[in-house]
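The values are calculated or read from the model by the stated rules, or taken from the named source; none is laboratory data. Everything numeric here is computed off the predicted structure, so don't read it as measured data. So basically every Cβ, Gly included, is an ideal-geometry build from the backbone, and we count neighbours across all protein chains shown.
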Amino acid sequence: MGKFWSNALAALAIGAFFAGAARAETPVIKIAALEGGTVNWELDTIRHYGLDAAEGFTLEVTPVAGKSGSSVALEAGAVDAIVNDWVWVARMRAQGQDYRFIPYSKSVGGLMVRPEAGISGLADLKGKKIGIAGGPLDKSWLILRAYAARDGFDLAAETEQVFGAPPLIMQAALSGEVDAAINFWHFMAKMEAAGMQTLLPVAEASQALGLDPETPLLGYVLPGKLVEENPDLVAGFARASRAAKEMLANDPAAFERLRPMMNAKSEAQFEALKAGYVAGIPAATPVDEAAAAKMLALMAELGGADLVGADPTLPSGTFLSF
């Protein structure tokens, strides 16, 4: 081998070494995300446009099959962050597990009916069958029950409930197997595109109960140790998340790129999903902790210890703001 090639190979080897060292020094944030979940739209936007690199970190996404899988991964230290609601974070903190919450979305579901069902108010649901995504402790269901109770209507006692996964509840509602349905916002968007109507949004019921509908329910959950030891890294992630939201809210091409992963069956579904996501972007301001504490107290009243744990008060330090 000639001297030229020897020197060239040596230079390449040195370059590769330093490039590898640089990559190794770049911090990584690993997030477990529900496979097919809407959070992937934001995470994919961060990665595609290099919003993570711009903040000096690399984002890695680990798909999980269910909500419990992400919680297990976080507790085991296999990932740095998951998506969950702050009520869960408050419960974990009350139990001594130091998790923190960065707001992601204020989107909540609602109660939907078919136009031909002849249901124009909650009282019309008496004796009817309601499909509910999730279980008896679903927060949207609890809020709607509290709203109905103001008028002396026991929604749980006066109706038959069918609990199930969001796609199954959507199909049951569209087919008429249930008379009304409570579902997550992105399934509501698809149901609306198929002709169903919202009888009562959870946000409206929340406001009527004196709660703040601007309080973001979902967010990124991170260990407190990570926040304390790497505050700049966590702040950079929060900025990347906000930048992705701004891009999706203002650049039609950013959402168009995501169309294949949005599972929209029609243009109407696609537009409804876009609108729903943008409507759920929380304000870039600190969470109103007094409003959150009020909501937690209501959740404790309706869901008890099974939902919020033994302590219904909001632990300090639950919410992060940057």
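Observations on the structure shown:
- Meets criteria (without any contact (Cβ under 8 Å) to a residue 12 or more places away in the chain, in a helix (DSSP H, G or I) and touching a helix residue (DSSP H, G or I) at 6+ places or on another chain (Cβ under 8 Å)) for Ala205: no
- For segment 302-314, a residue qualifies if it is surrounded by fewer than 17 Cβ atoms within 10 Å (Cβ to Cβ) and in a loop (DSSP other than H, G, I, E, B), and the qualifying residues are Gly304, Ala310, Asp311, Thr313.
Yes or no, residue by residue, for (1) more than 20 Å from the chain's Cα centre (by Cα); (2) over 24 Å from Phe270 (Cα atoms); (3) assigned to a helix (DSSP H, G or I); (4) of a type in the set (Phe, Trp, Tyr):
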{"site": "Ala123", "(1), (2), (3), (4)": "yes, yes, yes, no"}
{"site": "Ile132", "(1), (2), (3), (4)": "no, no, no, no"}
{"site": "Pro136", "(1), (2), (3), (4)": "no, yes, no, no"}
{"site": "Ala157", "(1), (2), (3), (4)": "yes, yes, yes, no"}
{"site": "Leu200", "(1), (2), (3), (4)": "yes, no, no, no"}
{"site": "Leu211", "(1), (2), (3), (4)": "no, yes, no, no"}
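- Failed item in (1) under 19 Å from the mean Cα position of the chain (by Cα); (2) crowded, with 18+ Cβ neighbours inside 10 Å; (3) farther than 26 Å from Ile143 by Cβ, with Ile281 passing the rest: (3)
- Among the residues of segment 277-289, not a single one is in contact with a Gly (Cβ under 8 Å, 6 or more places away or on another chain), farther than 30 Å from Ala193 by Cα, not hydroxyl-bearing (Ser, Thr, Tyr) and not in a loop (DSSP other than H, G, I, E, B).
- Count of segment 264-276 residues, restricted to those that are part of a loop (DSSP other than H, G, I, E, B) and loosely packed, with under 14 Cβ neighbours inside 10 Å, is 2.
- Arg114 meets each of the listed conditions (1) closer than 21 Å to Lys225 by Cβ; (2) touching a residue at least 12 places away in the same chain (Cβ under 8 Å) apart from (1).
- Residue in segment 133-143 that is over 23 Å from Gly66 (Cβ atoms) and either β-branched (Val, Ile, Thr) or crowded, with 22+ Cβ neighbours inside 10 Å (or both) present: yes
- Among (1) surrounded by 16 or more Cβ atoms within 10 Å (Cβ to Cβ); (2) under 25 Å from Asn84 (Cβ atoms); (3) out of contact with any strand residue (DSSP E or B) (no Cβ under 9 Å at 6 or more places or on another chain) - the single one Ala205 does not satisfy: (3)
- Failed item in (1) under 16 Å from the mean Cα position of the chain (by Cα); (2) part of a helix (DSSP H, G or I), with Met299 passing the rest: (1)
- Ala264 passes every criterion in (1) at pLDDT 95 or above; (2) touching a helix residue (DSSP H, G or I) at 6+ places or on another chain (Cβ under 9 Å) apart from (1).
- The selection criterion, being among the β-branched types (Val, Ile, Thr), outside any strand (DSSP E or B) and within 19 Å of the chain's Cα centre (by Cα), does not hold for Val178.
- Residue under evaluation Val83, criteria (1) surrounded by fewer than 22 Cβ atoms within 10 Å (Cβ to Cβ); (2) assigned to a strand (DSSP E or B), criterion not met: (1)
- Selection status of Gly37, surrounded by 13 or more Cβ atoms within 10 Å (Cβ to Cβ), at pLDDT below 95 and outside any helix (DSSP H, G or I): yes
- Test for Pro286: is it touching a residue at least 12 places away in the same chain (Cβ under 8 Å) and farther than 26 Å from Trp141 by Cβ: yes
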